[in-house]
Structure formats: C-alpha cells, structure tokens
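Report on the following structure.
The values are calculated or read from the model by the stated rules, or taken from the named source; none is laboratory data. Keep in mind that this is a model prediction, so the values were computed, not measured. So basically every Cβ, Gly included, is an ideal-geometry build from the backbone, and we count neighbours across all protein chains shown.
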Ligand code: BTN
C-alpha cells in the first residue's frame, strides 16, 4: 500500500521529502501521492506541505493500523511479515492458519478486536475493540525439542515486560511463567500453541494480550486484572507497544538461540520475577506443595525451596503467589 510506504519514509526522515522524490520512488503521479497524503491526513496524521520543499510529518495520531505498525517496525524478521485485522476471531487461530499456508518465521498477526480470544486452560480472553493489544507471532524454531515452547513463552514474557516499561515508563514484573503484573494485578496474558510431531516441531504461535485502555472487567476478573492506563493514569500508545515488543523479542530470541534455553536470559528474567523470595503454593496435576520461590533454572522451570531445604523444579502447573491477585 503506497500510503504505508509514504508514511514509513516520512517517519524515517526528519526533513521534508519532495513530492518529486516520492513520485520517483513509487513510479506514480503527483496526484497519486497527493491522494495518499490526503488519506493519511484524514486518519489524523499532521503532514505539513510546503511548496518547493515537499512533505514533512509533524505529528502522528495514536493510530493502530497496518500503516502505523509497518511504518514503525524496523526489526529484521520479527513482525516483518505483518497481518493486521480490525476484527478477527483469534490472532492465535489466524497465525496457525498462516503457518499451515507456509508463512515465514516471524510472521506477526495483530488485531484491534477479537471475537473469540483464547486464554490458557481453555478460558477465554476479553478482547474489546479500540483499547487493547492482541498479537501473535509465528515461530519456526530449528532443531529443538518440544519443551522449547514453554521457554519461548518466557522469552516473550520478558520481552513484553521490557517493552511496556520502556514505552509506558513504569516497572512491570513477571509472575512465573508468563503473566505480567503491574501494581499486583495482571496486565498481560500469553498463550503459546504448537503443531508438532514427537521429534519435530512444525511451528509455535505465541499470542500476547496486553490490557492497555481503561475498561470494565467482568466481576470475576476485577480483583486480578487491570490495565496500563488505569494504573498509570496516562495514555500509552498501542502501536509503540507492538513496535517495542518486536524489537525486544527479536533481540532476546537471538540470545535464546545461542544456548537453546534460558541461560543467557535468566538474569534479566529473574530481575523481574515477582515470585522470588515469596511463599508460593504449587498445584500441579498430582500434588500440591508450598515453599519459597528462589528463581528459575536454564530450562525455565521455577525453583521452589520447600521446608525441608530441598529445591524442587516446577515444570508446569498453577502457581499461586502470596500477595499476588489477593491469594493467601
Ligand atoms: C492467559 O490466559 O493468560 C493467556 C491469554 C492470551 C491472550 C492472547 S490475545 C492475542 C492472542 N490471541 C488469542 O486468542 N489469545 C492470545
């Protein structure tokens, strides 16, 4: 779309870009450029036009659109192939479908609204329009075992937590394995799904829901969930969140690739781990036990020291943390 390309060029340049240059670049007429500029203005972009100098981007609206996202993404592969939907059932479902159609590693699906947002453990994910971020990235890891899916989810949690802090000027924590917490409540949920045979992973899709704008949560969620804007009291750009999340994820994924585990990222992850030093209760499929969380290992498992001094590594399961979400 020429509108997207023009916006990208204007955004990259601090100075005016002449109409002639834009025409030459895209091989179109002045009228076509002028029309595309008109469409951008209509969407709220302030573009100054000065005779003999050309066009300059003065100000961007808080837009969440394909053009806005593409013009912001400067990553090598994460989000380079972008699909944007104003409304879709679930970005995880869309990403899986694209994967089956051979979409490349790093393909990103973003939606403004989901009609069938999926949460973990078969739950749903509230996905109203015009207020939050819903995205899913398609990953095709090479030569790695199936439990890599849980590590990729941790890599994403770390990346999104860093992205939020940078974009919104705050300090978020991670509740193991992959909830992001602000002021003691959940602001982000992550759901990874995969297609694999016992020895071979076809692909993994990692979906992220960020509660950004103020909203009415269902009664059941009120004590546990919140949004960035409700907590921080200022606006947070959704497009900037996606941009930063892709930037951080691409960098962190490369670190993960070097070792194939959390080794290189453990320290950064642990600095954000809200569980550390706290009493946690672990409920897995078979048993329930309590202890004090001490960190994670290279596999991304939560390390819990029980009363007898033994340290147990928790692979999966529900972990409740004292003081988080009001659990005791
Ligand atoms: C959780 O239960 O904590 C995980 C929630 C994951 C929600 C995101 S929103 C984008 C992506 N698409 C979905 O349908 N789910 C994930």
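Quick check on residue 54: is it on the phi > 0 side of the Ramachandran plot and either in contact with a helix residue (DSSP H, G or I) (Cβ under 8 Å, 6 or more places away or on another chain) or touching a residue at least 40 places away in the same chain (Cβ under 8 Å) (or both)?
yes
Does residue 59 satisfy the condition of being more than 13 Å from the ligand (Cβ to nearest atom), free of Cβ contacts under 8 Å to residues at least 24 places away in the same chain and out of contact with any helix residue (DSSP H, G or I) (no Cβ under 8 Å at 6 or more places or on another chain)?
Yes, satisfied.
Tell me which of these residue 151 doesn't satisfy, since it passes every other one: (1) within 14 Å of the ligand (Cβ to nearest atom); (2) touching a residue at least 40 places away in the same chain (Cβ under 8 Å); (3) not in a strand (DSSP E or B).
Unmet condition: (1).
Do the conditions hold for residue 48, that is, is it out of contact with any strand residue (DSSP E or B) (no Cβ under 9 Å at 6 or more places or on another chain) and either away from the ligand (no atom under 13 Å from the Cβ) or closer than 30 Å to residue 17 by Cβ (or both)?
In short, no.
Which residue is nearest to the ligand (Cβ to nearest atom), if the candidates are limited to segment 190-218 and must be at pLDDT 95 or above and more than 18 Å from residue 96 (Cβ to Cβ)?
So the residue we want is 210.
Kindly indicate the residue of segment 1-45 that is over 28 Å from the mean Cα position of the chain (by Cα) and crowded, with 17+ Cβ neighbours inside 10 Å and also nearest to residue 58 (Cα to Cα) among those meeting that condition.
Filtering first and then ranking leaves 16.
Does any residue of segment 89-105 turn out to be in contact with a helix residue (DSSP H, G or I) (Cβ under 7 Å, 6 or more places away or on another chain) and either within 26 Å of residue 316 (Cβ to Cβ) or more than 13 Å from the ligand (Cβ to nearest atom) (or both)?
no
For residues in segment 66-84 being free of Cβ contacts under 8 Å to residues at least 40 places away in the same chain and out of contact with any helix residue (DSSP H, G or I) (no Cβ under 7 Å at 6 or more places or on another chain), which is nearest to residue 117 (Cα to Cα)?
81
So for segment 26-43 (the condition being within 15 Å of residue 71 (Cβ to Cβ), touching a strand residue (DSSP E or B) at 6+ places or on another chain (Cβ under 7 Å) and not in a helix (DSSP H, G or I)), does at least one residue qualify?
No, that holds for no residue.
Which residue out of 38, 44 is farther than 25 Å from residue 80 by Cβ and touching a residue at least 12 places away in the same chain (Cβ under 8 Å)?
Just one listed residue meets the conditions, 44.
Give the residue that is farthest from residue 249 (Cα to Cα), with candidates limited to residues of segment 129-138 that are touching a residue at least 60 places away in the same chain (Cβ under 8 Å) and more than 9 Å from the ligand (Cβ to nearest atom).
The selected residue is 130.
If residue 180 passes every condition in (1) within 12 Å of the chain's Cα centre (by Cα); (2) under 19 Å from residue 268 (Cα atoms); (3) touching a residue at least 40 places away in the same chain (Cβ under 8 Å); (4) within 15 Å of the ligand (Cβ to nearest atom) but one, which one does it miss?
Failing condition for residue 180: (3).
Quick check on segment 107-128. Is at least one of its residues more than 13 Å from the ligand (Cβ to nearest atom), under 16 Å from the mean Cα position of the chain (by Cα) and either farther than 15 Å from residue 189 by Cβ or assigned to a strand (DSSP E or B) (or both)?
Scanning segment 107-128 turns up at least one residue that is more than 13 Å from the ligand (Cβ to nearest atom), under 16 Å from the mean Cα position of the chain (by Cα) and either farther than 15 Å from residue 189 by Cβ or assigned to a strand (DSSP E or B) (or both).
Determine which member of the set 281, 312, 272, 292 is surrounded by 13 or more Cβ atoms within 10 Å (Cβ to Cβ), modelled with pLDDT of 90 or more and farther than 23 Å from residue 147 by Cβ.
292
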